[in-house]
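The values are calculated or read from the model by the stated rules, or taken from the named source; none is laboratory data. Everything numeric in this text was worked out from a predicted model, so none of it was measured. Because the Cβ atoms are built from the backbone with ideal geometry, glycine has one as well, and the counts that use them run over all protein chains shown. Each accessible area value is taken on the protein alone, full model and side chains, heavy atoms only, with ligands, DNA and RNA left out. Shrake-Rupley method; radii C 1.70, N 1.55, O 1.52, S 1.80 Å.
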Amino acid sequence: MQPRAVDLFAGAGGLTLGLSMAGWHVAAAVEFDPWAAKTHKLNFPHADILHDVRDVDFRIFRGIDLIAGGPPCQPFSVAGKQLASADPRDMVPQFIRAVFEAQPKAFLMENVPGLLTARNMPYTRQAVVQLEDLGYRVYVKKLDASEYGVPQGRERVFFVGVHRDAKFAFPQPSHGPFGPLPFVPARQALFNVPDCAPNRAIVTYAKQPILRPSPWAGMLVNGQGRPINLDQPSQTIPATAGGNRTHIVDTEGVLLDYHRHLRSGGKPRIGRVEGVRRLNLRESARLQSFPDSFEFAGTTSRQYAQIGNAVPPLLAQAVGSALLQALHTSAALPQELTQSTMLELFVH
């Protein structure tokens with residue numbers, strides 16, 4: 001029988017898609033944003049959609065195989081104020097409540113690396129202790145999506161919990177210097193993208209450019225979007241993309257030449273940058289590893305936000321496959337292995 005899961009804070013469905021590719025049946029999703037919920041329903045029509053996690057009694061899922069989800073990251077993002085529990089958007093306690101009420105065989109929580117900063121570490125430790133007190137062995141690791149076949153550098157922290165009679169190991173990298181395959185470059189992901197409305201946000205030279213040794217860093221143009229090194233995985237796709245924060249495709253090397261011009265002492269230029277453009281929606285989805293068949297609902301800005309907020313499906317698939325293996329291994333263990341024995345055998 002296919003193992004069943006519930007996806008909390010599901011967004012467009014990147015985590016649901018990855019878990020489905022790994023062999024999970026995601027029976028229900030919880031998503032507050034109506035447009036993200038509509039996107040989820042478009043792509044997963046058989047999943048029940050619940051709208052506000054605070055109103056859900058998770059005892060209806062008692063004994064389910066997996067509770068998964070990525071609570072809103074703003075309370076912990078280094079780009080924000082990092083207010084953690086003082087931020088009204090903090091939904092980690094709701095995730096813990098869901099685990100407490102549903103008592104799943106396993107859980108998977110995803111969030112930003114900011115949870116591991118010194119400022120947020122006391123909060124993170126407290127959350128882990130609460131989850132451990134519910135009877136789970138908790139594993140925490142920061143993973144980079146580019147090491148699992150995603151054509152984008154995107155670091156995320158995963159919290160995985162399994163009952164104490166199970167053994168879990170995070171997946172080994174499949175790409176990059178620590179894997180058997182090379183990184184997937186942005187150029188490969190952006191090849192032959194289906195027709196899509198162009199991004200109308202223009203690119204103009206920054207009045208006061210910020211120069212860095214790398215042409216892919218600094219700030220040479222208006223906004224926070226940067227040129228993509230097409231021969232490497234792209235920078236992280238932000239949820240604020242769509243306008244001037246959208247990254248730039250520069251197939252002719254216009255901004256590379258401009259970077260050399262500035263480095264050699266040349267004066268800043270003004271006006272529009274010709275020959276470059278910003279990523280469109282389908283290109284952004286490709287860099288997140290969404291298939292071209294995946295549909296997004298809502299205005300253009302809402303679609304960009306859904307893409308940028310999503311868990312890359314290929315990364316979710318890698319973690320979901322490892323978790324499925326852990327549950328299968330647990331089911332095959334002999335009964336004489338007691339909880340205390342398991343605690344000695346397996347490193348936390």
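Any idea which residue in region 1-25 is modelled with the lowest pLDDT, counting only those that are closer than 20 Å to residue 60 by Cα and surrounded by fewer than 24 Cβ atoms within 10 Å (Cβ to Cβ)?
Selected residue: 1.
Answer yes if at least one residue in region 245-253 is over 27 Å from the mean Cα position of the chain (by Cα), open to solvent by less than 40 Å² (accessible area, probe 1.4 Å) and at pLDDT 95 or above, and no otherwise.
The answer is yes, given that some residue of region 245-253 is over 27 Å from the mean Cα position of the chain (by Cα), open to solvent by less than 40 Å² (accessible area, probe 1.4 Å) and at pLDDT 95 or above.
Can you pull out every residue in region 58-97 that is modelled with pLDDT of 90 or more, in a loop (DSSP other than H, G, I, E, B) and surrounded by fewer than 19 Cβ atoms within 10 Å (Cβ to Cβ)?
62, 63
Could you count how many residues in region 262-294 are over 30 Å from the mean Cα position of the chain (by Cα), in a helix (DSSP H, G or I) and surrounded by 14 or more Cβ atoms within 10 Å (Cβ to Cβ)?
The number of residues fulfilling the criteria is 1.
Kindly indicate the residue of region 230-242 that is open to solvent by less than 30 Å² (accessible area, probe 1.4 Å) and of a type in the set (Gly, Ala, Ser) and also nearest to residue 156 (Cα to Cα) among those meeting that condition.
234
Please enumerate the residues belonging to region 153-196 that are of a type in the set (A, V, I, L, M), at pLDDT 95 or above and assigned to a loop (DSSP other than H, G, I, E, B).
169, 184, 190, 193
Conditions tested, residue by residue: (1) open to solvent by less than 30 Å² (accessible area, probe 1.4 Å); (2) within 17 Å of the chain's Cα centre (by Cα); (3) under 25 Å from residue 66 (Cβ atoms).
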position: 126; (1), (2), (3): no, no, yes
position: 131; (1), (2), (3): yes, no, yes
position: 150; (1), (2), (3): yes, yes, yes
position: 157; (1), (2), (3): yes, yes, yes
position: 194; (1), (2), (3): no, no, no
position: 199; (1), (2), (3): yes, no, no
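Is it the case that residue 104 is at pLDDT 85 or above and part of a loop (DSSP other than H, G, I, E, B)?
In short, yes.
Considering (1) within 12 Å of residue 316 (Cβ to Cβ); (2) surrounded by fewer than 17 Cβ atoms within 10 Å (Cβ to Cβ); (3) not small (Gly, Ala, Ser), say which one residue 48 fails and leave the rest.
It is condition (1) that residue 48 fails.
Within region 215-229, restricting attention to residues that are of a type in the set (A, V, I, L, M) and surrounded by fewer than 17 Cβ atoms within 10 Å (Cβ to Cβ), which residue is modelled with the highest pLDDT?
It comes out as 219.
Search region 300-348 for residues being β-branched (Val, Ile, Thr) and either modelled with pLDDT of 95 or more or surrounded by 14 or more Cβ atoms within 10 Å (Cβ to Cβ) (or both), and hand back the single one that is nearest to residue 131 (Cα to Cα).
Only one residue fits best here, namely 319.
So which of 263, 282 ends up being in contact with a Cys (Cβ under 7 Å, 6 or more places away or on another chain) and of a type in the set (D, E, K, R)?
282 is the lone residue from the list that is in contact with a Cys (Cβ under 7 Å, 6 or more places away or on another chain) and of a type in the set (D, E, K, R).
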